[in-house]
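Each remark here refers to the structure printed beneath this line.
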Amino acid sequence: MTQILDALPTQQSNKILCSYRNPSSDLQIARISNIPHWYFERVIFPDDVLLFEAVAEAKLEIYSGNGITTLLTDQIPCDRLQIATPISSPVVRSMQ
């Protein structure tokens, strides 16, 4: 089931579809905090895949923990997690 709880601000025109898989055996928290007026945070269970829409400038922060402490373990630019080109991008064809 697709859930869009925190849609991107409408003024963002460079949306991309992204995917991240939790490769660890620990619960992880994925968070994007560098985009103004947008809050994104999700829990990712071990080996689960998170599909989400973001802007290319966003950075996905991954927090891992053991139940007592939670540490920032990775920061991944969302443009590296992109799985598809935006639907609104024009298709250029050469007529010869």
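Observations
- Across the range 55-66, coupling constants 3J(HN,Hα) worked out from phi with the 6.51/-1.76/1.60 Karplus curve, θ = phi - 60°, read 9, 4, 7, 5, 10, 7, 9, 10, 10, 10, x, 10 Hz, and Gly and Pro carry x.
- Using the empirical formula 2.2 N^0.38 Å as the baseline, the Cα radius of gyration of the range 15-84 reaches a ratio of 1.06.
- Residues whose amide H falls under 5 Å from that of I44, counting only those 5 or more places apart or on a different chain, are Q28, I29, A30, with hydrogens built in the peptide plane.
- Residue ranges 53-66, 15-28 sort as 53-66, 15-28 when ordered by packing (mean number of other C-beta atoms within 10 Å per residue, highest first).
Where a number appears in this text, it was derived from the coordinates with a stated rule and is not lab data. Just so you know, these numbers come straight off a predicted model, no measurement behind them. All Cβ positions, even for glycine, are placed from backbone atoms using ideal geometry, and neighbour counts span all protein chains on display.
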